[in-house]
Each structure stands twice: as C-alpha cells, then as structure tokens.
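The values are calculated or read from the model by the stated rules, or taken from the named source; none is laboratory data. Every value quoted in this text rests on a predicted model; they were computed, and no experiment measured them. No Cβ is skipped: glycine too gets one built from the backbone with ideal geometry, and neighbour counts run over all protein chains shown.
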Amino acid sequence: MFKFNNRSFLAFAILFTIEILIAVNLKKGFIRFTFGDFLVVIMLYYFLKSFLKIKTLHLALTVLFFSYFIESIQPINILEILNLQKNTTLRVIFGTTFSIEDLIAYTLGICTVLIIEKYLNS
C-alpha cells in the first residue's frame with residue numbers, strides 16, 4: 001500500500017510551488033481563487049499518490065470528497081469554533097466562505113487528474 005513514487009512527488013512539488021507563488025503574489029481574481037482551487041486538488045492527489053499505491057479512481061474520489069467536505073464546513077466557521085480564526089495558514093487551507101464555484105473547480109481539477117492518468121497509463 002505504501003510506495004514512494006518519484007514522478008508523482010515531482011508533480012506535487014511543482015504544483016505546490018505554483019500554489020505558493022499564487023498565494024504570495026496574487027490577492028484576488030480568477031487565478032488566486034478559482035484556478036488555485038482547481039490546482040489544489042491536483043496537488044493533493046499527486047501528494048498522496050507519491051506515497052500510496054492505490055487505484056487512480058479511488059484516490060481521485062477520496063481527494064474530491066475531502067475537498068467537498070472542507071468546503072461544506074466553511075459556513076459553520078470551524079476556525080472560530082476552534083479559536084483559530086487568526087491563523088492565516090489555516091484560513092488559507094480551510095477557506096472562509098462556501099462557494100459553488102470552488103466545488104466546480106475541485107470537480108474540474110479531479111477530472112483533469114483522471115484524464116492525465118488515463119493518458120499516462122495508456
């Protein structure tokens with residue numbers, strides 16, 4: 001079940017770098033919010049794939065449902081409940097407002113993963 005995958009880790013590292021650059025350099029707009037959400041699920045997929053030997057569809061759906069879960073708890077202000085609302089890093093990770101557009105971006109990101117994986121494995 002555990003096996004290190006160099007290619008997946010490289011993909012994760014590149015995507016992580018892009019996400020950091022977006023977060024540091026862009027404070028608003030399509031790339032910061034929508035494209036960042038699109039990339040984050042791809043990044044999470046490749047991070048987990050770096051260490052886990054699991055079927056592509058299972059891992060992709062796990063990442064997608066995890067992302068949906070995080071998005072769905074945003075309206076209850078979980079960071080405020082845990083008294084962590086001032087933690088900038090957690091605010092970026094968990095987000096602060098629910099958005100249907102984010103769910104669409106996550107879905108399109110996972111669809112992209114499935115297309116990439118099909119292409120790489122054919």
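Annotations for the structure displayed:
Matching residues to (1) of a type in the set (A, V, I, L, M, F, W, C); (2) closer than 21 Å to ASN121 by Cα:
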| site | (1), (2) |
| --- | --- |
| ASN5 | no, yes |
| PHE12 | yes, yes |
| TYR45 | no, yes |
| LYS49 | no, yes |
| LEU57 | yes, yes |
| LYS86 | no, no |
| ARG91 | no, no |
| LEU103 | yes, no |
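- Per-region count, region 7-29, residues of a type outside the set (Gly, Ala, Ser) and either in contact (Cβ under 8 Å) with a residue 40 or more places away in the chain or surrounded by 12 or more Cβ atoms within 10 Å (Cβ to Cβ) (or both): 10
- Filtered by the rule that a residue be of a type in the set (Phe, Trp, Tyr), crowded, with 16+ Cβ neighbours inside 10 Å and at pLDDT below 95, region 93-122 gives a lone residue, PHE94.
- Condition met for PHE4 (free of Cβ contacts under 8 Å to residues at least 60 places away in the same chain and surrounded by 13 or more Cβ atoms within 10 Å (Cβ to Cβ)): no
- Any hit, region 18-28, residues being modelled with pLDDT of 95 or more, of a type outside the set (Lys, Arg) and under 11 Å from the mean Cα position of the chain (by Cα): no
- Filtering region 89-117 to residues that are of a type in the set (Val, Ile, Thr) and either over 11 Å from the mean Cα position of the chain (by Cα) or more than 18 Å from PHE16 (Cβ to Cβ) (or both) leaves THR89, VAL92, THR96, THR97, ILE100, ILE104, THR107, THR112, VAL113, ILE115, ILE116.
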